[in-house]
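Laboratory data are not the source of any read-out in this text; all were calculated from the coordinates shown. Model, not experiment: these values are computed from the prediction. Cβ sites come from the backbone with ideal geometry, for glycine too, and all protein chains shown count toward neighbours.
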Amino acid sequence: MSNSKSLRIIFMGTPDFAVQSLSRLLEEGYNVVGVVTMPDKAIGRHHDVLQSSPVKKFAQEKGITVLQPEKLRDETFLSELRALKPDLQIVVAFRMLPEVVWALPPLGTFNLHAALLPQYRGAAPINWAIINGDTETGITTFFLDEQIDTGRIILQERTPIAIDDCAEDVHDKLMVQGAELVVKTVRLIESGQAKAIDQSQFMTDEPLRPAPKIFKDTCQIKWEEHTMKSAYDFIRGLSPYPAAWTPVIANGKETEMKVFKASPVPSKGGGGCPPSPVPSEEEKNGGDKPSTLMEQVGDKLLVALPGGFLSLDEVQLAGKKRMPIADLLRGTRISL
């Protein structure tokens, strides 16, 4: 346990990912004098129910002052922030801060980022690392500056991405690992031993890959652009939320189908092979553009792609429940 009760910390965050870090700070005896989180979200059919963020709920349970500014430059909010007299601010999954906020405490403001900066700057680093087929990711703490995710790095730790990890799996691993890194970072800062390093020192010959916010259009599986491996990575990189989706024909009607789980089926090897894809006219004429075919084989739904077949294992038709593909195929005929 830390004996540093005098260090006044303000914590900024919104989702469950941030709650773990806040909880660990309190367990270590740190003096969190305030929490800043997003305003309550209107939910329900008529948007007449307000839902608090996970961070707000946790902070209130612990009796911590909660601030929920609509605008971070609002003078009322800034006055409330200054009145808390923070020595240090910690940001975990919140939003971009203006300089008037991040420059306020004498010890600065640091952020926990779910990637190995300078790679994957942006809002969705976990998703994009998996989508891109990476086998390793990590977490970084860094001091905030004027640009998004460009500040001086304090600490980094690596973690593997297993071949069957989805975004939720990696999220949960980094949530726990990140909370420990937040505590280690605070210890360094309070002892005066934090040696922040410019991100230019971490640059390699590898091009930087961004991690922009993900929208519905981002999640559409464009089969013609994928190999079996890249489609598999795309699906697990968006699972379970917001989830990859594809247009399909279900019992003769056009609809959309989310895909939560899939498994690769190599096109060569022993055992019963799935059906071969029907060649396109271009292929028949000597072209090399692969065709795409979705076909039901028993209780499986297979998509033929370069490199093999992808079995769509857990899905959800628009307006229906999420279910194993075998359950869906008992009464529904699916095709692209």
Net charge, GLY319 excluded, C-beta distance under 15 Å - Lys, Arg +1, Asp, Glu -1: +3
Simple Cβ-charge dipole of the range 8-202, Lys/Arg +1 and Asp/Glu -1, about Cα centre, in debye nearest 20: 480
Rg to Rh quotient for the range 8-202, alpha carbon positions, Kirkwood Rh: 0.96
Straight-distance crosslink candidates among lysines, where the alpha carbon sits under 29 Å from LYS195 and sequence neighbours closer than 8 are dropped: LYS5, LYS85, LYS173, LYS184
Using θ = phi - 60° and Karplus 6.51 cos²θ - 1.76 cosθ + 1.60, couplings along the range 133-149 (whole Hz; Gly, Pro as x): x, 5, 9, 8, 9, x, 9, 9, 10, 8, 6, 5, 9, 5, 9, 6, 6
Size of the range 193-248 as Cα extents on the principal axes (Å, biggest first): 56, 24, 16
The chain: relative contact order in percent, alpha carbon pairs under 8 Å with at least 6 residues between: 13
Virtual spin-label span in nm between LYS71 and ASP299, 7 Å along Cα→Cβ: 5.8
Sequence-distant lysines (8 or more away, or on other chains) whose Cα lies within less than 29 Å of LYS320: LYS41, LYS213, LYS216, LYS222, LYS229, LYS253, LYS258, LYS261, LYS300
J(HN,Hα) series, the range 153-164, from Karplus relation 6.51 cos²θ - 1.76 cosθ + 1.60, nearest Hz, glycine and proline x: 7, 9, 9, 9, 9, 9, 8, x, 10, 5, 4, 10
Beta bridges by DSSP in the chain, antiparallel share as percent, to the nearest 5: 70
Cα-based Rg / Dmax (Å) for the chain: 23.7, 76
Helix-only CD estimate at 222 nm, as mean residue ellipticity for the chain, using -39500 (n - 2.57) per DSSP H run (n ≥ 4): -7000 deg cm²/dmol
Where GluC sites (Glu not before Pro) in DSSP loops with at most 12 other Cβ within 10 Å are excluded, longest remaining stretch of the chain: 147-336
MET12 long-range amide H proximity, modeled H, under 5 Å: VAL36, ILE90, VAL91, VAL92
Residue with peak Gaussian network fluctuation, the chain [Cα springs, cutoff 10 Å], from GLN68, GLN156, GLN201: GLN201
